[in-house]
Amino acid sequence: MDIECASCSRYACQVGRLDATPDDCPMRGPFPSFDELYATDEAKRLLYQAARVEAEGYGRWTRIREVAELALRMRYRRLGVAGCPDMGLEADLAARSLRRRGLEVIVAAPFADCDPVGQAALLAEERTHLNVIAGMCVGHDALFIRHSRAPVTSLVVRDPRLAHNPAAALYTRDGYLKRALYGVREPPVPGRFDGWTDELIDGLAREVRDAGLGRETPPCRIEEVMDFARGAGVTHLGVVYCVGFRREARDLDAILETNGFRVSSSCCKTGAVPKTTVGIKDEEQVEPGRPEMICNPLAQASLLEQAGVELVLLMGQCTGHDSATMAHLHVPAVCVVAKDRVLAHNTVAALYGS
């Protein structure tokens with residue numbers, strides 16, 4: 001089975017029309033049951049509160065505000081903030097902003113060298129309820145997610161070339177960054193990938209980071225993601241994205257496939273489950289008076305794993321929905337873009353402006 005939501009030109013999932021999906025759509029066959037995926041009260045509560053935050057703050061709240069609102073509604077009073085050593089400023093600014101909203105925040109102060117496992121252990125000792133990534137190297141975010149005991153959400157995605165605004169690469173892929181994203185590279189070699197270990201993830205993350213530090217012009221996040229995947233021998237990538245990122249997902253898909261990767265992608269509205277299923281009232285929707293489907297992050301994760309992807313790229317999910325996907329995945333996940341509807345996905349701008 002494969003799933004290629006990014007290449008689908010229909011809006012069938014978004015409007016709940018399963019009968020209008022393409023003939024080869026996975027939703028026309030056996031599909032993960034909503035009740036089975038969200039069997040626990042906590043899973044349903046996170047889905048509900050994330051959808052409420054999305055609707056109430058739609059186009060008005062920055063990513064950092066959404067993180068704070070979700071934490072308060074989920075009663076996550078104790079938050080952890082983690083980042084790589086060169087992101088210490090951003091981690092401190094994120095902590096200050098969250099504290100201003102009445103939350104208790106523990107900053108896992110970056111070690112002399114990147115140590116995402118150590119940061120996850122420190123925050124586990126502090127018994128944090130939600131951990132926030134404020135900029136980590138490609139791969140080190142995957143390690144942190146893997147070892148975090150608390151749910152994780154992405155706030156800042158480290159991008160040394162684009163001032164931590166990785167979405168800009170997609171918007172300039174036909175101009176400013178065309179050569180960087182479509183330049184001549186060795187394609188991934190099939191048959192090299194032999195599974196993931198912490199040692200492999202950490203080693204590759206350091207190789208990619210150090211290679212970037214040695215360049216006059218540092219690589220952007222998407223370049224680093226491809227180098228990380230290629231170094232592991234990965235040939236099959238999964239992209240999990242929000243429906244509002246349909247165009248960006250299609251552009252990312254094109255970049256990855258041009259560079260020799262096979263890509264599967266899953267959209268947040270997959271499954272076409274009405275928001276009323278989790279108790280959301282009409283007036284609590286983004287657009288009252290119209291049918292709205294709930295984001296389905298656990299189905300997104302399940303479908304990509306069924307497709308056999310070897311590495312998942314997280315792009316533009318709502319705050320909290322990304323947490324659910326990360327917790328459900330068994331393969332490593334790296335952050336590509338964090339969503340911010342106010343700042344055109346330049347999440348770090350809210351911190352600098354504060």
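Computed from the coordinates by the stated procedures, all read-outs in this text should not be read as laboratory data. In this text the structure is predicted, and so the values were computed from the model without any measurement. Cβ coordinates were reconstructed from backbone atoms using ideal geometry, including for glycine residues, and neighbour counts include every protein chain displayed.
If you find the alpha carbon centre of the stretch 175-200 and of the stretch 121-166, how far apart are they in angstrom?
About 22 Å separates the Cα centre of the stretch 175-200 from the one of the stretch 121-166.
So what is the 222 nm mean residue ellipticity for the chain from helices alone, if each DSSP H run of at least 4 adds -39500 (n - 2.57) and you divide by all residues, rounding to the nearest 500 deg cm²/dmol?
It lands at -11000 deg cm²/dmol.
In the stretch 1-74, which trypsin sites (Lys or Arg not before Pro) are in a loop and have at most 14 other Cβ atoms within 10 Å, using DSSP for the loop call?
Those that pass, being in a loop and sparsely packed, are Arg10, Arg17, Arg60.
Mind giving me the nanometre distance, one decimal, between the label points for Tyr182 and Glu305, set 7 Å out from Cα along Cα→Cβ?
Label at Tyr182, label at Glu305, 3.6 nm between them.
Using a cut-off of 20 Å between alpha-carbon atoms, which lysines can reach Lys269, once sequence neighbours fewer than 8 places away in the same chain are excluded?
Lys44, Lys281, Lys339
Using a/c under 1.5 as the rounded threshold, could you call the stretch 178-331 rounded, prolate or oblate? The axes a ≥ b ≥ c are square roots of the C-alpha gyration tensor eigenvalues, and prolate needs a/b larger than b/c, oblate otherwise.
prolate
So if I take the centroid of the Cα atoms in the stretch 286-317 and the same for the stretch 20-40, what is the distance between those two points in Å?
11
Once a ≥ b ≥ c are taken as the square roots of the eigenvalues of the Cα gyration tensor of the stretch 96-204, is the result rounded (a/c under 1.5), prolate (a/b larger than b/c) or oblate (a/b not larger than b/c)?
Judged from the Cα gyration tensor, the stretch 96-204 comes out oblate (a/c at least 1.5, b/c at or above a/b).
Counting Lys +1, Arg +1, Asp -1, Glu -1, what net charge surrounds Trp196 among other residues with beta carbon under 12 Å of its beta carbon?
Cβ neighbours under 12 Å give a net charge of -4.
With a 10 Å cut-off between alpha carbons and a GNM built on the chain, which of Thr319, Thr197, Thr128 moves the most?
Thr197
Hey, if you put +1 on the Cβ of every Lys and Arg and -1 on every Asp and Glu Cβ in the stretch 1-72, which of Leu70, Cys5, Phe31 ends up farthest toward the positive end of that dipole?
Among Leu70, Cys5, Phe31, the one farthest towards the positive end of the dipole of the stretch 1-72 is Leu70.
Would you grab the residues whose amide H sits under 5 Å from the one on Ile106? Only those 5+ places off in sequence or on another chain, please, with H modelled 1.01 Å from N.
Sorted by chain and number, the residues that satisfy this are Leu79, Gly80, Val81.
For Asp194 and Glu216, what is the calculated FRET efficiency with R₀ set at 41 Å and r taken between the beta-carbons, to the nearest 0.05?
Efficiency computed from Cβ-Cβ geometry: 0.75.
Give the shape of the stretch 253-354 as rounded, prolate or oblate, defined through the alpha-carbon gyration tensor: a ≥ b ≥ c are the square roots of its eigenvalues, a/c under 1.5 means rounded, and otherwise the shape is prolate if a/b is larger than b/c and oblate if not.
oblate
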